[in-house]
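Working notes, beginning with the structure itself.
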Amino acid sequence: MGCGKSTVGKLMVDLVPGWELIDLDDFIENITCRTIPDIFKEDGEEGFRILEEEALDSIFMIDSDLGRRCILSLGGGTVTTAGCRKLVRDNAVCIYLKASIDTLERNLIEFPGDRPMLQTGKSLRDRIEELMKVRADIYEDCADYTVEIDGKTYGEVAEELAEIARAEA
């Protein structure tokens, strides 16, 4: 959360012709006709994670059937559940956009959005640190590639990821 996955994904589409972008959160909102904050409010994080795994499984089945090439932008907590992590490991090349706490905090202040996982009453920095303490090792373990984003523009990150995508295609 806050590393620029959605922005970088949109830029990558222009760099890898024939590929399409699927933002998992947008996909979930479209199939449920509810916003992510509403899902969290009504079903809690556990309910959202169940929907997330079902959506991810659906995306991978569709892509496999159609032979599509996709850039899939996952939510920050997607690979924290075993089922989603297995789906990603079995069906995709996973790239971890690694950022410092300072970079994440700066990006989340600049583009706050409506992020249920940050609505805890703690300071933004404390919550980011708390989440990364739990998630960093999971991200590293799931990733086929780790790309450091600190000090880079979104365009530079997109170029780096496009090179990886072309090499993996």
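The values are calculated or read from the model by the stated rules, or taken from the named source; none is laboratory data. Since we're looking at a predicted model, the values are computed, not measured. Glycine gets a Cβ as well: all are built from the backbone with ideal geometry, and neighbour counts include every protein chain shown.
Overview of results
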read-out: Qualifying positions in the range 75-87 - assigned to a helix (DSSP H, G or I) and either polar (S, T, N, Q) or more than 14 Å from Glu54 (Cβ to Cβ) (or both); value: Thr78, Val79, Thr80, Ala82, Arg85
read-out: Residue within the range 98-119 that is at pLDDT below 90, surrounded by 14 or more Cβ atoms within 10 Å (Cβ to Cβ) and not in a helix (DSSP H, G or I) present; value: yes
read-out: Selection status of Phe40, in a helix (DSSP H, G or I) and either free of Cβ contacts under 8 Å to residues at least 12 places away in the same chain or surrounded by fewer than 18 Cβ atoms within 10 Å (Cβ to Cβ) (or both); value: no
read-out: Of the criteria (1) at pLDDT below 95; (2) charged (D, E, K, R); (3) over 14 Å from the mean Cα position of the chain (by Cα); (4) surrounded by 12 or more Cβ atoms within 10 Å (Cβ to Cβ), which one Glu156 fails; value: (1)
read-out: Residues within the range 125-169 that are in contact (Cβ under 8 Å) with a residue 40 or more places away in the chain and within 14 Å of Met1 (Cβ to Cβ), tallied; value: 7
read-out: Residue list for the range 13-37, restricted to those being part of a helix (DSSP H, G or I) and either over 15 Å from Gly75 (Cβ atoms) or in contact (Cβ under 8 Å) with a residue 40 or more places away in the chain (or both); value: Val13, Asp14, Leu15, Leu24, Asp25, Ile36, Pro37
